[in-house]
Amino acid sequence: MNTHDDESMKQLLREALPAVEDNPEPARDLWPAVLKRMDERPPMPPWFDWALLGGLVGLAAFFPSAIPVLLYYL
Amino acid sequence: MATGAQASLDEQQSQEHLLAFRHGDVDAFEVLFRLHQRAVYGWILRMVRNPATAEDLTAETFWRIYQAHARFDPARGFEGWARRIATHAALDWMRSRKSERALTSELSFDPAARPVEDPAVAAEVRLKTAAAFRKLPPKLRIAAVLAVVEQQPHKEIADALGISVAAVKLRVFRALRLLRKDLERQGIRP
């Protein structure tokens with residue numbers, strides 16, 4: 001794809017998807033929606049934290065001798 | 001002199017709000033929300049191109065921001081951090097099936113809005129271009145829409161996506177190449 005092709009592709013994309021106007025504003029106050037989420041959804045540990053915990057428990061179960069090492073690094 | 005003193009006072013208050021927010025203060029969080037709500041909404045709207053979805057994702061972004069308050073570093077500023085969280089919220093939304101429904105948004109093109117030589121053909125080409133664009137992987141789509149359509153600085157896009165400027169350029173290049181291939185398969189030569 002040369003520079004001319006690149007520019008014509010960009011131009012076509014701009015025509016297909018017009019740019020958003022400057023400084024758009026939400027149609028409503030979103031603060032109540034934020035507060036609602038804060039009330040409804042308690043913080044969930046990410047899946048990675050659960051996977052890490054599972055891995056550590058598995059390690060401790062299969063290799064009990066690793067427990068002192070784990071405790072040392074906690 | 002008075003202006004300088006006022007600016008200094010504003011700066012001090014702003015720092016106090018950032019520090020209070022870092023400790024989980026909801027009032028300080030509301031002040032930051034009021035200050036940055038519009039900018040975050042605008043950034044999200046540029047990516048998802050649907051006002052109702054952008055409003056929903058703005059609320060989601062600020063919820064995520066509050067959840068992450070303890071990890072906030074006041075020295076690095078709030079705006080860039082918020083934009084990064086907003087970008088990830090938009091990416092998550094695009095990856096979900098929800099994005100498929102909102103793609104026929106009011107922000108997609110209006111064929112009658114632009115004078116062209118052959119309106120029927122041009123309208124079809126634009127429709128197919130928009131449809132092909134929606135099939136791109138979300139991370140390519142976001143880079144391309146922000147860089148090409150919205151013409152945002154590459155540095156800002158890079159910071160928001162957590163990648164280098166070179167990586168942004170590469171994503172835009174890949175997006176355009178995939179788009180061109182898709183259109184050519186449909187018999188359209190851009």
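Toward the positive end of the charge dipole of chain A, with +1 on the Cβ of Lys and Arg and -1 on the Cβ of Asp and Glu, the farthest Cα among A:A16, A:L59, A:H4 is that of A:L59. The modelled label-to-label distance for the pair A:A60/B:E30, using points 7 Å beyond Cα in the direction of Cβ, is 4.2 nm. Note that the range B:133-139 has calculated 3J(HN,Hα) couplings of 4, 5, 7, 5, x, x, 5 Hz, one per residue in order, obtained from phi through the Karplus relation 6.51 cos²θ - 1.76 cosθ + 1.60 (θ = phi - 60°); glycine and proline are x. For A:K36, the aspartates and glutamates whose Cα falls under 20 Å of its own Cα, not counting residues fewer than eight places away in the same chain, are B:D25, B:D27, B:E30, B:E55, B:D56, B:E60. With a ≥ b ≥ c the root eigenvalues of the C-alpha gyration tensor of chain A, is it rounded (a/c under 1.5), prolate (a/b larger than b/c) or oblate? Oblate, because a/c is 1.5 or more while a/b does not exceed b/c.
Distance between the 7 Å Cα→Cβ label points at B:I163 and A:E25: 3.5 nm.
In this simple spin-label approximation, B:K181 and B:E11 carry label points 7 Å from Cα along the Cα→Cβ vector, and these lie 5.1 nm apart. Distances between placed amide hydrogens fall under 5 Å for B:Q152 paired with B:A147, all partners being 5 or more residues away or on another chain.
Which of the lysines could a cross-linker bridge to A:K10, judged by Cα under 22 Å and excluding same-chain residues fewer than eight apart? Excluding near neighbours in sequence, the set is B:K128, B:K135, B:K139, B:K155, B:K169, B:K181. Stretching the chain fully between B:K155 and B:D92 yields a gain of 20.5 nm (0.36 nm per residue, less the alpha carbon separation). Sequentially through the range B:15-31, phi angles give Karplus couplings (6.51, -1.76, 1.60; θ = phi - 60°) of 4, 5, 5, 5, 5, 5, 4, 4, 8, x, 5, 5, 5, 5, 5, 5, 4 Hz, Gly and Pro residues having no value and appearing as x.
Going from the residue with the fewest nearby Cβ atoms within 10 Å to the one with the most, B:F72, A:F62 rank A:F62, B:F72.
Just so you know, all these numbers are worked out from the coordinates, no wet-lab data involved. Every value quoted in this text rests on a predicted model; they were computed, and no experiment measured them. Positions of Cβ are generated from backbone atoms using ideal geometry, with glycine treated the same way; all protein chains shown enter the neighbour counts.
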